[in-house]
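Participant: Shown below is the structure under consideration.
Values quoted throughout were computed directly from the atomic coordinates according to the rules given, and no laboratory measurement underlies them. All of these numbers come straight from a predicted model, not from anything done at the bench. Because the Cβ atoms are built from the backbone with ideal geometry, glycine has one as well, and the counts that use them run over all protein chains shown.
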Amino acid sequence: MKIKIKKDDVVTVITGKYAGKSGKVLKVFPDTKKLIVEKINFVKRHTKPSQKVQQGGILEKEAPIAVSKVMLICNKCGKTTRVKIGSLPDGGHVRICKKCSEMIDEK
Ligand SMILES: [Zn+2]
């Protein structure tokens, strides 16, 4: 199954520790079906001092979250939704919100 969420989409987390929180998609990993969402799924990473980083310490960074744990928020109706793929007369494809039937992608 193809991922229907793209970079810069806004998604809401539907399950887990961050349920109910929303954020912008920063990165999509199609191979593992995961996303990095802004301010969601922070993990602490311990870093050791190196030549680059003078001081070791704890770094907080977003970790990828499974696509199945989030839902897209439609940029037209503002609701969490699933999308269907519509065909355009020119042969292109566009994502369509199942709730309001508006095109999510700008042409
Ligand atoms: Zn909509």
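Participant: Taking a quarter of the surface of the convex hull around the Cα atoms of the chain, what do you get in nm²?
Facilitator: 8.8
Participant: Another question about this same structure. Given the convex hull of the Cα atoms of the range 54-93, what is a quarter of its surface area in nm²?
Facilitator: The directionally averaged projection comes out at 6.4 nm².
Participant: Just in the range 1-75: which trypsin sites (Lys or Arg not before Pro) are loop by DSSP and have at most 10 other Cβ atoms within 10 Å?
Facilitator: Of the trypsin sites (Lys or Arg not before Pro), the ones in loops of the range 1-75 whose Cβ has at most 10 other Cβ atoms within 10 Å are 2, 17, 52.
Participant: Just need the relative contact order of the chain here, percent rounded to a whole number, with Cα pairs under 8 Å and 6+ apart.
Facilitator: Numbers: 204 pairs, mean separation 22.1, N = 107.
Reported relative contact order: 21 percent.
Participant: Related question: Once Lys and Arg get +1 and Asp and Glu get -1 on their Cβ, which of 73, 101, 91 lies farthest toward the positive end of the dipole of the chain?
Facilitator: Value computed over the given set: 73.
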